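Participant: Supplied in structure tokens, the structure appears directly below.
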Amino acid sequence: MPLDVTPHLDPATTAIVNMECQENLLGDRPLLPGLAESARRTGLLDNLSALFDAGRKVGVRIYYCTDERRPDGFGFAHNTFVSLRSSSPAGTTGGQGPVMPQIAPRPEDVVFPR
């Protein structure tokens, strides 16, 4: 029997949280090519864009958790899989770059840089 989630989708108490959709992960030169290919193959960005638009229309807040780093690398975990795959020394990049343009934050959205 399918679960009816309708009672749990009140826009006043519902949020959409976006993570790991930045250019260095899903763009033209991804650090993890398999991840980017899977996102393209499944239509991830088009699906997220439609979800975000539908959510915004009914008042759901969109939250973005982005990987943005300090220029001095302070606070960066140097042993993550993505940092080990990067050609730059750990902590010296600006993170995973901007959010993919198809789903870029709008002024009403909330962005939590890490």
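Every number in this text was worked out from the coordinates using simple rules, so none of it is lab data. The structure displayed is predicted, hence computed values, not measured ones. No Cβ is skipped: glycine too gets one built from the backbone with ideal geometry, and neighbour counts run over all protein chains shown.
Participant: Report, please, the projected area of region 1-69 averaged over directions, based on the convex hull of its C-alpha atoms, in nm².
Facilitator: Value for region 1-69: 6.5 nm².
Participant: Continuing with the same structure: Of the peptides 31-44, 60-73, 3-16, how do they stack up when ordered by the mean number of other Cβ atoms within 10 Å, highest first?
Facilitator: 60-73, 31-44, 3-16
Participant: Can you compute the FRET efficiency between Glu68 and Val17 using 1/(1 + (r/R0)^6), with r the Cβ-Cβ distance and R0 = 22 Å? Round to the nearest 0.05.
Facilitator: 0.85
Participant: Report the local net charge at Gln102: Lys and Arg +1, Asp and Glu -1, summed over other residues whose C-beta lies under 15 Å from its C-beta.
Facilitator: -3
Participant: Further, regarding this structure: Would you calculate the separation in nanometres between label points at His8 and Arg56, each defined as 7 Å from the Cα along the Cα-to-beta-carbon direction?
Facilitator: 2.6 nm
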